[in-house]
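I have placed the structure first, in the form of structure tokens, so that the comments after it can refer back to it.
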Amino acid sequence: MKNSFKELSKTLLIAGSIAIFFRSIFFEPFNIPSGSMIPTLLVGDYLFVSKYSYGYSKYSFPFGLGPIKDRILYKTPKRGDVIVFRKPGDETIDYIKRLVALPNDTIQVKKGILYINSKKAKRIKTNIGVMKNIFGDEKVFTQYNETFEGSNPHQIIESSDNDPFDDTILFKVPPNHFFFMGDNRDNSRDSRTPEVGFVPKKNLIGKAEIIFFSHNSYASFFEFWKWHKAIRFSRIGKAIE
């Protein structure tokens, strides 16, 4: 009996060590708890984040215990990447946003439109829809296809071009820092707010790569007869752009 318990403990320890190693070095699962990245990511999406995309920092490891001062094997992110990072000032919290500006870039929002290094982002209207906020109130939004220097086209939504963060000061990104914004531009706490601000290089966790599961909360885990309505099958396997 004692030997069986010892063997079981050894097996669990080895399995746990392998899981921690894989999660720290290669891929980490991440779920979307809020609507700040709509329409790219929806509440209930589950995705894999590649940990190796930008090298490693202490936050690449569980509880931020990695023995790394800054970053190792560093690769510079690209504008437009969707990235998971630790919130500056409270590194226990993970955020996911789109990278908009690199170190030493200038960035400003004027009437809802991005200006990066004084260059106006291209924005083409693609759709108009209605969305409910957290209070259940319906609000009309406009969807745009946006492209800025160094990025691939991606979708964003705007409630209007007159919300508080549709007109900002001119930001200058410090060295070794980044500027992030949510794709749901009028409902995102991001680098435009003092709460987040510029994100240090060491806070980057990894690049959002692919959605491996998605559900709309229509059914609980035990309501298996409703799963066919709750699971968003069309989103499973979708690459994140």
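For the pair residue 217 and residue 110 in one chain, pulling the backbone fully straight at 0.36 nm per residue adds 34.9 nm over the alpha carbon distance. Cα gyration tensor of segment 61-101, axes a ≥ b ≥ c as square roots of the eigenvalues: rounded (a/c below 1.5), prolate (a/b > b/c) or oblate? Verdict is oblate for segment 61-101. Which shape class applies to the chain: rounded if a/c is under 1.5, otherwise prolate when a/b exceeds b/c and oblate if not, where a ≥ b ≥ c are the square roots of the Cα gyration tensor eigenvalues? Cα axes put the chain in the oblate bin.
Given a 1.4 Å probe, how much area per residue of the chain is accessible, in Å²? All intermediate terms of the calculation are to be shown ahead of the outcome.
Working: 13600 Å² over 241 residues.
Spelled out: the 1.4 Å probe surface of the chain, per residue, equals 56 Å².
Assuming R0 = 45 Å, what is the FRET efficiency of residue 238 and residue 169, from their Cβ-Cβ distance, to the nearest 0.05? Taking R0 as 45 Å, the efficiency between residue 238 and residue 169 is 0.80.
Based on the alpha-carbon gyration tensor of segment 55-141 and its eigenvalue square roots a ≥ b ≥ c, which shape applies: rounded if a/c is under 1.5, prolate if not and a/b is larger than b/c, or oblate? The shape class here is oblate.
For the pair residue 93 and residue 130, label points projected 7 Å from Cα toward Cβ lie 3.2 nm apart. Could you tell me the calculated FRET efficiency between residue 226 and residue 46, based on Cβ-Cβ distance and R0 = 22 angstrom, to the nearest 0.05? It comes out at approximately 0.75. The portion of the accessible surface of the chain made up by carbon and sulfur, rounded to a whole percent, is 61 (1.4 Å probe; DNA, RNA and ligands excluded). Normalising the average separation of contacting C-alpha pairs (under 8 angstrom, six or more residues apart) by the number of residues puts the relative contact order of the chain at 23 percent. On C-alpha positions alone, give me the angle between the axis of helix 2-25 and the longest principal axis of the chain, in degrees, nearest 10. With both axes taken from Cα atoms, the answer is about 20 degrees. For residue 201, the lysines whose Cα comes closer than 22 Å to its Cα, not counting residues fewer than 8 places off in the same chain, are 51, 58, 69, 75, 78, 87, 97, 172. Using heavy atoms of the protein chains and a probe of 1.4 Å, the accessible area assigned to residue 220 is about 50 Å².
The values are calculated or read from the model by the stated rules, or taken from the named source; none is laboratory data. Every value quoted in this text rests on a predicted model; they were computed, and no experiment measured them. Cβ atoms come from the backbone with ideal geometry, glycine included; neighbour counts cover every protein chain shown. Side chains are part of the model used for accessible areas, which takes the heavy atoms of the whole protein and leaves out ligands, DNA and RNA. Shrake-Rupley method; radii C 1.70, N 1.55, O 1.52, S 1.80 Å.
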